[in-house]
Amino acid sequence: MGNDLLETRKARARAWFEALRDDICTAFEAVEAGLPPGAPFADRTAGGFVRTPWSRSDHSGADGGGGVMSILHGRVFEKVGVHVSTVFGEFAPEFRKEIPGADADPRFWASGISLIGHPQNPHVPAVHMNTRFVVTTKAWFGGGADLTPVLDARRTQTDPDTIAFHVAMKQACDAHAGVAPYEKYKRWCDDYFYLKHRKEMRGIGGIFYDYVDSGDWDADFAFTRDVGSAFLRVYPELVRRNFATPWGPAEREEQLVRRGRYVEFNLLYDRGTIFGLRTGGNVDSILSSLPPVVKWP
């Protein structure tokens, strides 16, 4: 691949992740503003995103790019982070063998969007989504989205929210079936977001994919865009379905305990957390996936 073509692809991917960030932030702020009178916390002021830029150096001390954190604390969302980053440099020697193409040449470039949402109302499911484009001596897309209801009664495959979320992710895959086999990516999500020490899934699943390089970059990129677009369509609708539902101390207790499972997964197993910390990423951004209030009984 010629360098000019590669640089064009990098620029296109970065521009998409940043545009998706802007669209998601706008949609979430609209959800905050749209909480109906009489709903829990409707007497509070609607939240808005605060953006904070950051920069990094690679392991040698050279400029390594950076990103922008976008954080919202509101009346619908107790905490939402929608982050974009574009980082580059060289992988540290001890990390190179773990990344495709980096053992031959440690230089890398990576751009992506990462989102985590922890709602106030326990009837609203927590959510995670990220997509990325990574370049070493190889180049690929990765990402996915998964849903985490925090009430046991809603953690079923027959729950309407679960069904709607799976339908959205399936549509994103089926529109690009040549590069995105839905059943494979659904199983991958189930296997990945699994707490081995507790022998339970983190949530109800979704899709997860990595190292997507079909040989048709435009097709791979189109699929990755559709994952983000599908998320943007479905999740605000799921929030609106549930954000006016009354709840009390028992539901809050269950929510906080379930959040503890979320913390355990992200600190013990999550590849994005490990990658970010080991490549000198912004710690506040990386750990913003953790909920603001949590409980272990």
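The values are calculated or read from the model by the stated rules, or taken from the named source; none is laboratory data. Every value quoted in this text rests on a predicted model; they were computed, and no experiment measured them. Positions of Cβ are backbone-derived with ideal geometry, glycine not excepted, and every protein chain shown enters the neighbour counts. For accessibility, only protein heavy atoms count, side chains too; no ligands or nucleic acids. Shrake-Rupley method; radii C 1.70, N 1.55, O 1.52, S 1.80 Å.
Among the residues in the stretch 28-48, are any without any contact (Cβ under 8 Å) to a residue 40 or more places away in the chain, in contact with a strand residue (DSSP E or B) (Cβ under 8 Å, 6 or more places away or on another chain), open to solvent by less than 50 Å² (accessible area, probe 1.4 Å) and under 30 Å from residue 249 (Cα atoms)? Yes, the stretch 28-48 has at least one match. Condition test on residue 215, is it in a loop (DSSP other than H, G, I, E, B), at positive phi and surrounded by fewer than 20 Cβ atoms within 10 Å (Cβ to Cβ)? Answer is yes for this residue. Name every residue in the stretch 261-279 that is open to solvent by 30 Å² or more (accessible area, probe 1.4 Å) and not in a helix (DSSP H, G or I), in order of residue number. Correct list: 269 only. When 85, 111, 70 are screened for being modelled with pLDDT of 90 or more and in contact with a Ser or Thr (Cβ under 6 Å, 6 or more places away or on another chain), only 111 passes. Pairing each residue of the stretch 273-297 that is among the β-branched types (Val, Ile, Thr) with any residue that is open to solvent by less than 20 Å² (accessible area, probe 1.4 Å) and in a loop (DSSP other than H, G, I, E, B), provided the two are 6+ apart or on different chains, yields C-beta distances under 8 Å for 279/58; 279/91; 279/92. Summed over the stretch 54-81, the residues that are over 18 Å from residue 24 (Cα atoms) and either free of Cβ contacts under 8 Å to residues at least 24 places away in the same chain or open to solvent by 10 Å² or more (accessible area, probe 1.4 Å) (or both) give a count of 12. In the stretch 185-212, of all residues being in contact with a Cys (Cβ under 9 Å, 6 or more places away or on another chain) and under 23 Å from residue 133 (Cβ atoms), the one that is most open to solvent (accessible area, probe 1.4 Å) corresponds to 186. Only one of the listed residues (172, 230, 180) is in contact with a Phe, Trp or Tyr (Cβ under 6 Å, 6 or more places away or on another chain), of a type outside the set (S, T, N, Q), touching a residue at least 12 places away in the same chain (Cβ under 8 Å) and buried (at least 18 other Cβ atoms within 10 Å of the Cβ). That residue is 180. The listed residues are 258, 225, and the only one of them that is basic (Lys, Arg), farther than 28 Å from residue 100 by Cα, in contact (Cβ under 8 Å) with a residue 40 or more places away in the chain and surrounded by 17 or more Cβ atoms within 10 Å (Cβ to Cβ) turns out to be 258.
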